[in-house]
Structures are given as C-alpha cells and as structure tokens.
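J.: Could you have a look at this structure, given as structure tokens, before my questions?
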Amino acid sequence: AEAQKQVHQLEEGVHFSTGEGMAGDSLMDLVTLLSAVTFSVKAVGSMVRRLGLPSRVGGPKTAREANVAANDTWIKALTASRACSLLVSEECEEPITVKDPGTGQYAVVFDPLTGLADPPTKDMGSIFGVFRQLTPGEDACLQDVLQPARQLVAAGYAVYGSATVLVLTTGQGSVDGFTLDPSLNEFVLTHPHIQVPFAGSTYSINEGYCASFDARTKQMLNTLKEEPTLADGDPRSCRYIGSMVPEVHRTLLYGGVFIYPAHAGRPNGRLKLLYEAGPLAFVTEQAGGQASTGSKPILDVQPESLHHRVPVFIGSEDDVSMCCAHFKTAP
Ligand code: AHM
C-alpha cells in the first residue's frame, strides 16, 4: 500500500504545492504540462539507457541522433499536452508557437538532452523551465520567455545515470526528487523537500581552462583549494565530469559549488541562461542554495536573446558567497 501511495505522489506533489492563488484552468494546465515532462523524461531516459548497444534495431545510435530524438520527444509531448503556447528548445533555431484553440498559456524552455558524449561515458540530463505567458488571451511571443528566471512558475531537471531521477519545483519553496522505478515505469518520491547544505566539501570546475582565467578566478580557485571548508574543516575535493546536470544534482544533495566561469575563450562562460543556468538557479534557490553569475543572482539577469550566456556559480550558500567575494573588484 505504501508503494502504491508513493507511485502517485508525483502528481499529488504537483497539486499540493501549486494550489494557492492559481485559477483552476491554469493549475490543470500546469499539471498536464508536468505530466508531459515526466513522459518525455521516461522516453529520453529509456533512449539513453540503450545508447551504444551495437546490435539494437532502430532507435538512436549516436549522441547526435539521441539529441535529435530527445528534442523531437519533448516537442511532441509538450505540444500534445495542449498546455503550452510556446516551446523554446536549446536545439531549435526558432521558437515553436502552438496556436490550437484552447491551448494553455504557458511558455516552456528546455534542453532535451545535455552532457552527451560519444561513446556515452558520463551521466546526462534534461533541463526545463515554465513561464506564464505575459499577455493571456493573445498569441504567445518571444518576450514570454525573455523574462528573468525569477519569474519561472516551475522548473526542474532529470539526471540519466545509474537511475533516472527527476527533480522539480513549482516555486513554493519546495523541491522534490523522484526516482524512476523501472519495474513499474513510474516515478517514486525518493528525495522529498531537498535542502542544499549551507556549506559543502567539493568544488566542480574545468581547471583545464586555468591559463585563460583572469586573476580573480585564479585567486578564487586557490581559495577553494587551500582554505578548509566550513562543512568539515578539511580541504575541498574537486569533482568534474563535464556534465552540468549530474554535477548540479550532486551539489544540491551534498553541498559544495558548481562553477562554469568566464574565461578568455568564453567571455560570458558557456552555459545558456534560458535553458541551463536559469532553471537550475531557480531549483537551487527554491532548495535554499545560491546561484550567481559572480556579480548578481542568476535569477535577476534579464535575458537579451535566446542564446544569452552567463558565468555560473551554483550550490551551497557559504561556498557560492565565498566564490563571489572574489569578483567584487574590477578585473
Ligand atoms: P552544451 O551547452 O554544449 O550542451 O554544453 C553544456 C555542457 C555542460 O553540461 C557542462 O557543464 C559543460 O558543457 C562542459 O563544458 P567544458 O567541456 O567546457 O568543461
């Protein structure tokens, strides 16, 4: 009976935490939209698990093919949900407008599959964020997604690793994690009310770029390596696999900081505000962590285009504050 109860908790969780102040239709649309997200995550997770199998018939064989198939899955599932009027995918040049009568008024940004490698050597993920359309009753437009991430009404990510884990928030100060039970093909609530530890003992950054970091970033790196952490008084360990979603997931559960800074080759960093930094910052702050560009909260950055990039410092409040303290002076 307990297992049965948990199987249904994903939907119930959505109902409980979005209830206040939301009209019935919008609430139903959001629940339907999140069901389309869970469907997409199950489908992409299944695809990822089979990637690289030599003798399989059909299905994507390479990372590139998987990326295309994952994008297609997200677009079809979200369109079929009739809950969203605008879809903006990291993989598409142009936004997709859904004009069917009766379509709900949400605008969804998503990265259907990130962290890909051929052959698959690391965990991968999907990221999504949901905005409310700015002008209900009118056609959706680009401005609906060019909003600071603080305006998101829901956001989350999925990690495709040893298990498929879906983490989501509907912005009521609660973040929940659900693990896919493959025998039931249903998500089970395994990480209720995730809270990011105040301080952690790991940092996560691609140190291979060190030669092209500015003096402040190098100084920050030295501090991360040399100063004992508040978490356990020992020096930090470095963890970096080159895949943002599992790295942020680990950081939210165990504390620490995930960093993708600006460097000479990428003056605004690599990660995109709309599909990567924004939704993950929203989840992090809802779970009590911090997310910054180094100089301001990621949630307050006004996107200037669909492909706006920002430097990223995400994780425990103490660790992120310490990193950002290094960027208070001019470069
Ligand atoms: P993408 O936007 O091309 O998908 O790249 C995003 C990925 C992140 O998952 C990861 O953190 C980062 O790129 C790794 O970059 P690098 O190889 O420069 O360290």
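We did not get these values from a lab; they are worked out from the coordinates using the rules stated. Everything numeric in this text was worked out from a predicted model, so none of it was measured. Every residue, glycine as well, gets a Cβ built from its backbone with ideal geometry; the counts of neighbours run over all protein chains shown.
J.: Need one word for segment 193-245: rounded, prolate or oblate. Basis is the Cα gyration tensor (sqrt eigenvalues a ≥ b ≥ c); a/c below 1.5 gives rounded, then a/b vs b/c decides. Could you put the intermediate results ahead of the total?
T.: Working: a/c = 2.29, a/b = 1.34, b/c = 1.71.
Oblate.
J.: Rounded, prolate or oblate: pick one for segment 265-331, where a ≥ b ≥ c are the square roots of the eigenvalues of its C-alpha gyration tensor, a/c under 1.5 means rounded, and failing that, prolate if a/b is larger than b/c, else oblate. Can you show the working numbers first?
T.: Values: a/c = 2.05, a/b = 1.11, b/c = 1.85.
Oblate is the answer for segment 265-331, as a/c is 1.5 or above yet b/c matches or exceeds a/b.
J.: Next up: Taking the beta-carbon count within 10 Å as an exposure proxy, list Thr170, Thr217 from fewest neighbours to most. Please list the in-between numbers first.
T.: Working: Thr170 27, Thr217 23.
Final ranking by Cβ density, sparse to dense: Thr217, Thr170.
J.: Rank-order 314-325, 265-276, 225-236 by packing density, defined as the average count of other C-beta atoms within 10 Å over each peptide's residues, highest first. Spell out each step's value before the answer.
T.: Details: 314-325: 23.1, 265-276: 19.8, 225-236: 13.6.
Ranking the peptides 314-325, 265-276, 225-236 by packing returns 314-325, 265-276, 225-236.
J.: Here's a follow-up. Starting at 0 and stepping by 20 Å, how many percent of the alpha carbon pairs of the chain end up in each bin?
T.: That works out to 32, 58, 10, in percent per bin.
J.: Follow-up. Do any trypsin sites (Lys or Arg not before Pro) in segment 54-106 lie in a loop, going by DSSP, with at most 13 other beta-carbon atoms within 10 Å of their beta carbon, and if so which? Don't skip to the answer; put the middle values down first.
T.: Values: sites: Arg56, Lys61, Arg64, Lys76, Arg82, Lys99; in loops: Arg56, Lys61, Arg82, Lys99.
For trypsin sites (Lys or Arg not before Pro) across segment 54-106 that sit outside H, G, I, E and B with at most 13 neighbouring Cβ atoms in 10 Å, the list reads Arg56, Lys99.
J.: Another question, then. Under the 0.36 nm per residue contour assumption, what length would be gained going from the current alpha-carbon distance of Gln195 and Ser162 to full extension? It would help to have the intermediate numbers written out before the result.
T.: Numbers: separation 33, 0.36 × 33 = 11.88 nm, distance 2.21 nm.
So the extension gain works out to 9.7 nm.
J.: Using the alpha-carbon atoms, what tilt in degrees (0 to 90, nearest 10) does helix 215-226 show relative to the longest principal axis of the chain?
T.: 90
J.: Pulled fully out, how much extra length does the chain show between Ser321 and Cys238, if you take 0.36 nm times their separation in residues and subtract their Cα-Cα distance?
T.: Full extension of this stretch gives 28.1 nm more.
J.: Pull out a ≥ b ≥ c, the square roots of the eigenvalues of the alpha-carbon gyration tensor of segment 184-309, then state rounded if a/c is under 1.5, prolate if not and a/b is larger than b/c, and oblate in the remaining case.
T.: Oblate.
J.: Turning to a different aspect of this structure: At a threshold of 8 angstrom on Cα-Cα distance, excluding pairs fewer than six apart, so keeping six or more, what relative contact order does the chain reach in percent? It would help to have the intermediate numbers written out before the result.
T.: On the way: 709 pairs, mean separation 51.5, N = 331.
It comes to 16 percent, rounded to a whole number.
J.: Also, quick follow-up: Where a Cα-Cα gap under 28 Å defines reach, which lysines qualify for Lys99, not counting those fewer than 8 residues away within the same chain?
T.: Candidates past the 8-residue exclusion: Lys42, Lys76, Lys272.
J.: While we're here: Over segment 147-236, what is the relative contact order in percent, taking alpha-carbon pairs closer than 8 angstrom and at least six residues apart? If you can, show how the numbers build up before the last one.
T.: Values: 106 pairs, mean separation 14.6, N = 90.
In percent, rounded to a whole number, it is 16.
J.: Now for a different question. Using the basic label-point model (7 angstrom from Cα toward the beta carbon), what is the Asp118 to Val31 distance in nanometres?
T.: 4.3
J.: What nm value, rounded to one decimal, do you get for the distance between Ala80 and Val188 when each label is placed 7 Å out toward the C-beta?
T.: 2.6
J.: Report the label-to-label distance for Arg150 and Leu134 in nanometres (one decimal), using points 7 Å from each Cα along the Cα→Cβ vector.
T.: 1.6
J.: Choose one of His193, Ser237, Thr293: the residue whose Cα lies farthest towards the positive end of the charge dipole of the chain (beta-carbon charges +1 Lys, Arg; -1 Asp, Glu; about the Cα centre).
T.: Farthest towards the positive end: Ser237.
J.: With just the Cα atoms defining each centre, how far is segment 292-331 from segment 224-284? Give it in Å.
T.: Taking the Cα centre of segment 224-284 as reference, the centre of segment 292-331 is 11 Å away.
J.: Any lysines with Cα under 19 Å of the Lys218 Cα? List them, leaving off those in the same chain fewer than 8 positions away.
T.: Lys328
J.: Here is a follow-up. Running a GNM on the chain with Cα contacts under 10 Å, which residue among Ser126, Ser183, Ser81 ends up with the highest mean-square fluctuation?
T.: Ser183
J.: Dipole size in debye (nearest 20) for segment 100-249 around its Cα centre, Lys and Arg Cβ +1, Asp and Glu Cβ -1?
T.: Working: 8 positive and 17 negative charges, 81 e Å.
Result for segment 100-249 is approximately 380 debye, rounded to the nearest 20.
J.: Can you give the calculated 222 nm mean residue ellipticity of the chain, where each DSSP H run of n ≥ 4 adds -39,500 (n - 2.57) and the sum is split over every residue, rounded to the nearest 500 deg cm²/dmol?
T.: On the way: 8 runs with 103 residues, N = 331.
It lands at -10000 deg cm²/dmol.
J.: About the Cα centre, and with charges only on the beta carbon of Lys, Arg (+1) and Asp, Glu (-1), how big is the dipole of the chain? Nearest 20 debye, please.
T.: Values: 25 positive and 36 negative charges, 164 e Å.
So the magnitude is around 780 debye.
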